[in-house]
Amino acid sequence: MFELIAPFFRHLYERTGLNFIVFYDPHEFGRFVAGISISLQLIFWSLLLSLVIGVVGAWTQRSQSAIWRGCVHAYIQAFRNTPPMIQLLFFYFALGAFTPSVDMGGYTQPIISSFVWAVISFGIFGGAFNVEIFRAGLDAVPESTLEAAESLCFSRWQTYTNVTLPLAFRISLPALTNNLVSLAKTTSLAYVIAVPEMTYVLNQVWSDNINVPEMMLLLFLYYVLVVTLLATALHALERRLVLPGYGQ
Amino acid sequence: MPSAPKSRTGDYRPWPDDKPIVSLNDVHKSYGMVEVLKGISLDVKKGEVICIIGPSGSGKSTLIRCINGLTPIQKGSITVEGQEVNDPKLDKLSLRRKVGIVFQQFNLFPHKTALQNVMMAPVLILREPKAEVEQRARALISKVRLTGKEDVYPGHLSGGQQQRVAIARSLAMRPDVMLFDEVTAALDPETVKEVLLTIKELAADGMTCILVTHEMGFAREVADHIYFTDLGVIVEHGAPAQFFTNAKDPRTRQFLSQVL
């Protein structure tokens, strides 16, 4: 792959001065690929954590205990109403200061790396929105449909898993797609705590090679591609799960 | 009558013909300060079809929902096959096994096909073998005249078709009593007929049916006994012929003059 495209981009640079160095210099290419890998991992784990928090939070919100409901409410207020970058800095610098480090022989390394802090921070940030999205889905399942299940001898748990959740998930999906796409883009903020994801890596590349416009363009296209793929996948899921005869 | 199922809730014993299969005695029900049932008593014998009619807000739907324990009552007693519905220790599963209910708004599961809707409860709740349930479900779907619609989702069925799937879904649990809560009230006039025909056939098969309905012609034709309720009490009841032609209470007569 690299050998295939390298001559073209080197030629392009020599002829036009457009310096896409990550496509012809082996060292910069390595950085670029590592950046993609870290960036995709960051997106994957952040989205996953936000979904888990969303489901658990929405479920807790329906708890009998006012204390639990209050906790979820406070969580949503705190993390929906503060900027994600401030949250990230807070987690990394405020909480990170209190987490223990391990001696790596000569230097110490914190147990929780900047990558993990970024996942935790984005998961919690996106999760706050997901809780509300799932709650809206649960609330939208008609009481009468649940009553039908009850009258057919379904237990509460059977009703929840066989009727409430499948319907609530479908109802939530369009709003969920929006939030997940938004969260995937927010992961680029991780560069402020030096997670070597795409934004951070290309920032280093353009600092070293003074090719800001080219790398900016590349960064831009990278996010267009990733977010398009994510949105397409989620829309495909939406179409697959659409309730036949409803909302069309 | 349906054959004895392998039940998870003990042996299946047919209920004797002479004792009332459903019995209500001085049933009271309030929503907050509003008392909607003020001492209702009625008996239903096995195989009987009774219709409850009356003006809107007279507690008809509440009454029917109390019978399978969807709505708890405050006072009085409801028994189904000798089982006290209002007993807090009641095994709701064993009660609802015996009592099927069909709602005004069908309430099918929109993410399941017609066949899956019918099969869901027996497979999931009674844990009967899937192949056996599927056979029975297909037979029920053909019984409600929907052969060919097995794999169609509720959203693509007409109201009348959805309602007949709902009837088949209830019947799949092999209930002894069927409750119908204004099942044609949300339907187009032309689809009402097909649903009523299904119920009529069910009644002819000997199913015990309790119906809340506004279809007076149908009530007259199919019912063994008619109850007229108003403001939470039974004003008058009797056999259809006598009820419709010779009502005694002025409230009944006024109601009938408005709807007939």
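Any read-out appearing in this document is the output of simple, stated calculations on the displayed coordinates, not a laboratory observation. Quantities reported herein were computed from a predicted structural model and do not represent experimental measurements. All Cβ positions, even for glycine, are placed from backbone atoms using ideal geometry, and neighbour counts span all protein chains on display.
If you fit an axis through the alpha-carbon atoms of helix B:250-259 and take the longest principal axis of the Cα set of chain B, what angle between them do you get, 0 to 90°, nearest 10?
Roughly 50 degrees between the two axes.
Could you list, bin by bin from short to long, the percent of Cα-Cα pairs of chain A in 5 Å steps?
1, 6, 10, 13, 14, 13, 11, 10, 8, 6, 4, 2, 1, 1, 0, 0
Relative contact order for chain A: what is it in percent, counting Cα pairs under 8 Å that are at least 6 residues apart?
Reported as a whole number, the value is 25 percent.
For q = 0.16 Å⁻¹, what log10 I(q)/I(0) does segment B:20-259 give under the Debye formula with an equal point scatterer on each alpha carbon and no solvent?
-1.17
Once you put a point 7 Å from the Cα of A:E143 and another 7 Å from the Cα of B:H28, both along the Cβ direction, what distance in nm separates them?
Distance between label points: 2.4 nm.
Hey, with R₀ at 60 Å, roughly what FRET efficiency would A:T161 and A:R15 work out to, going by the Cβ-Cβ distance, to 0.05?
So the FRET efficiency works out to roughly 0.45.
Springs between alpha-carbon pairs under 10 angstrom, Gaussian network model over chain B: which of B:A166, B:A219, B:A139 fluctuates most?
Comparing B:A166, B:A219, B:A139 in the GNM, the peak value goes to B:A139.
Quick one: of the DSSP bridges fully inside the protein assembly as shown, what percent are antiparallel, nearest 5?
Once the DSSP bridges in the protein assembly as shown are tallied, antiparallel ones form about 60 percent.
On a 0 to 90 degree scale, rounded to 10, what angle separates helix A:165-186 from the longest Cα axis of chain A?
So the helix axis and the longest Cα principal axis differ by about 20 degrees.
In cubic angstrom, how much convex hull volume per residue do the alpha carbon atoms of the protein assembly as shown span?
Spread over its residues, the Cα hull of the protein assembly as shown gives 230 Å³ apiece.
Estimate the FRET efficiency between B:K130 and A:V56 by the formula 1/(1 + (r/R0)^6), using the beta-carbon distance for r and 30 Å for R0, to the nearest 0.05.
Calculated transfer efficiency: 0.40.
Measure off 7 Å from each Cα along the Cα-to-Cβ vector at A:L217 and B:S41, then give the distance between these two points in nanometres to one decimal.
Going from the A:L217 label point to the B:S41 one covers 9.2 nm.
To the nearest 0.05, how large is the calculated FRET efficiency for B:L256 and A:E3 if R₀ is 56 Å and r is the Cβ-Cβ distance?
0.05
Suppose the chain between A:S182 and A:A136 were pulled fully straight at 0.36 nm per residue; how much longer would it get relative to their current alpha carbon spacing?
Using 0.36 nm per residue and subtracting the Cα-Cα distance, I get 14.7 nm.
Among A:E214, A:E132, A:E143, which one shows the highest mean-square fluctuation when chain A is modelled as a Gaussian network with alpha-carbon springs under 10 Å?
So, out of A:E214, A:E132, A:E143, the one fluctuating most is A:E143.
What spacing in nm lies between the two simple spin-label points modelled at B:S56 and A:M104, each 7 Å away from Cα in the Cβ direction?
My value for the distance between the label points is 7.4 nm.
Using only helices, what value at 222 nm comes out for chain A when you add -39,500 (n - 2.57) per DSSP H run of length 4 or more and divide by the total residues, to the nearest 500 deg cm²/dmol?
-24000 deg cm²/dmol
If you fit an axis through the alpha-carbon atoms of helix B:189-204 and take the longest principal axis of the Cα set of chain B, what angle between them do you get, 0 to 90°, nearest 10?
Taking Cα atoms only, the helix is inclined about 90 degrees.
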